[in-house]
Amino acid sequence: MFLRAIAEPDRSQPGVEAVLGKSYPDFVAFLGQHNTPPGAFRTIDEWVRMASIDGRSRVLDLACSTGYSGRTVHELTGARVCGIDISPEAVAQACRYAEGDPSLEYQVADAADLPLPDGSFSHVLGGCNFGFIERRDQALDEVHRVLRPNGRLCVAAFYYREPPPEELLDRVADAVGFRPSRDRDRRFWNAFFSRRFELVAEILHETPPLGARKVTRAVRRSVYGRVPALVGASGPVRDACYHRLRQTRLVLDEHRAYQALMVGVWRART
């Protein structure tokens, strides 16, 4: 099928500069994107099974973005969920998606300085967020603190099967505002989590790239479909969203060729 070419965004158009100037987390929230963990629903289903999450569980969705992981866990199990994120726009969007459900609570907070009591959660959903948290050692300590004895940390960590080129990492940094380190192989993440936790269960997945055509089609649907966040947006603003999201997704898709995924459940050491 023929795909119409879309002109590069004109920064002089009203609203375009604001879209292009947002941080990546705020941009994702602005679009109302369901910022899923690696593996999306499959990963969450694996967490629920491996970590025995049920209706009695109290779950912290760490760096929750727009709340997809915790919200899906609640829908599957009935667990109560608290989500925290450093982005006010992401938290506001998560609250909108929660639609007033009292079992879903959200607040703006730093993962490395949680405003939450000791031992208040049975499970923490960490996703791939430790790869992006700047003070990740402090965040891991905070997760351990707020978990009950023998509580479970659920992660979906990308790891490198082989080191990517430095030039590609530079482009990842330009796209998402964070530059991964080439040393983050499977041993790196096992050593990191083992500092405060012990591995209970793990599933490894390949992460083959989708390719430019599939990425482009998905981004077009995301931006030019019925997107509530973009209702009433001008053509230039939608075009700016399209170009930014497409470029980001293409870079991340290229990055996937060097990665694999470890979906794991870790038990808090006492």
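Laboratory data are not the source of any read-out in this text; all were calculated from the coordinates shown. Since the model is a prediction, treat every value here as computed from it, not as a measurement. We place every Cβ from the backbone using ideal geometry, glycine too, and count neighbours over all the protein chains shown.
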Mind checking the full-extension length gain between Ser120 and Val227? Use 0.36 nm per residue of separation minus the Cα-Cα distance, one decimal, nm. 34.9 nm
Calculate, in whole percent, how much of the Cα-Cα pair population of segment 135-222 lies beyond 16 Å. 68 percent
Among Lys214, Lys22, which comes first, second and so on when ranked by fewest other beta-carbon atoms within 10 Å? Lys214, Lys22
dims of segment 115-161, Cα set, principal axes, largest to smallest, nearest Å -> 36, 19, 12
In nanometres, the difference between 0.36 nm per residue of separation and the alpha-carbon distance of Leu168 and His205 is 11.1 nm
How large is the charge dipole for segment 16-268, taken about the Cα centre, if only the Cβ atoms of Lys, Arg (+1) and Asp, Glu (-1) carry charge, to the nearest 20 debye? 660 debye
Residues Glu202, Glu75, Glu167 arranged by fewest to most Cβ contacts within 10 Å: Glu167, Glu75, Glu202
Convert each backbone phi in segment 106-122 into a coupling constant with the Karplus relation 6.51 cos²θ - 1.76 cosθ + 1.60 (shift: θ = phi - 60°), then list the ³J(HN,Hα) values in order as whole Hz, x for Gly and Pro. 9, 8, 7, 6, 8, 4, 8, 8, 6, x, 9, x, 4, x, 9, 9, 8
What ³J(HN,Hα) values, in whole Hz, does the Karplus curve 6.51 cos²θ - 1.76 cosθ + 1.60 give for segment 174-189 when θ = phi - 60°, with x put for Gly and Pro? 4, 6, 10, x, 8, 10, x, 9, 5, 8, 7, 8, 5, 5, 4, 5
Structure-based [θ]222 nm, the chain - -39500 (n - 2.57) summed over DSSP H runs of at least 4, per residue, nearest 500: -12500 deg cm²/dmol
Nonlocal amide H pairs with Val124, under 5 Å, H built at 1.01 Å: Leu60, Arg152, Leu153, Cys154
Given the options Val231, Val124, Val200, which has the most mean-square fluctuation in a GNM of the chain, springs set between C-alpha atoms less than 10 angstrom apart? Val231
Can you work out D for segment 22-163 in µm² s⁻¹ from Stokes-Einstein, where Rh is the Kirkwood radius over C-alpha pairs, the temperature is 25 °C and the viscosity is 0.890 mPa s? 164 µm²/s
Bridge type composition, the chain - antiparallel percent by DSSP, nearest 5: 55 percent
One computes Rg over Rh for segment 69-144 from alpha-carbon atoms, with the Kirkwood Rh, and obtains 0.94
Mind giving me the FRET efficiency for Arg220 and Ile86? R0 is 35 Å, r the Cβ-Cβ distance, nearest 0.05 is fine. 0.75
Eigenvalues of the alpha-carbon gyration tensor of the chain, times 5 and square-rooted, give semi-axes in Å, largest first, of 32, 22, 16
Going by how many other beta carbons lie within 10 Å of each one, how would you line up Trp47, Trp266, Trp189, fewest first? Trp189, Trp266, Trp47
